[in-house]
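FYI, it's all coordinate maths here, none of it is from the lab. What you are looking at is a predicted structure, and each value in this text was computed from that prediction instead of being measured. Glycine gets a Cβ as well: all are built from the backbone with ideal geometry, and neighbour counts include every protein chain shown.
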Amino acid sequence: MKWEQSLTVCQVTKTTETPMTTTPNRNQPVEVDQQWLTPKEICAQLQIPEQTFYQWRAKHIGPHAYRIGRHLRIRQSDFVAWLSLHAEP
């Protein structure tokens, strides 16, 4: 009886842990038709160094990016939306 209780507690603890990953939720629908941009392409459009893009990413103030394998990609629609939010009035 005591063993069953500790097993239940262990199972509850395991399911409530937060994952330590930046991989997006796989249940979110992502349109495949979208055009994907690389960080280098975004930096060329904004005329900023790549280091600035990665600093924004580390501070969570840059456009939303997806890790596809070992590559980082940004949907063009996410980039345009991010730009419109950061436009000066």
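Taking the number of other C-beta atoms within 10 Å as the exposure measure, put K59, K40 in order starting with the fewest.
Working: K59 8, K40 11.
By the 10 Å Cβ count, ascending, the order reads K59, K40.
Rounded, prolate or oblate: which fits the stretch 33-89 when a ≥ b ≥ c are the square roots of the eigenvalues of the alpha-carbon gyration tensor, with rounded for a/c under 1.5 and prolate only if a/b beats b/c?
Oblate.
Taking the number of other C-beta atoms within 10 Å as the exposure measure, put L37, L83, L72 in order starting with the fewest.
On the way: L37 20, L83 13, L72 17.
Sorted ascending by nearby Cβ count, the order is L83, L72, L37.
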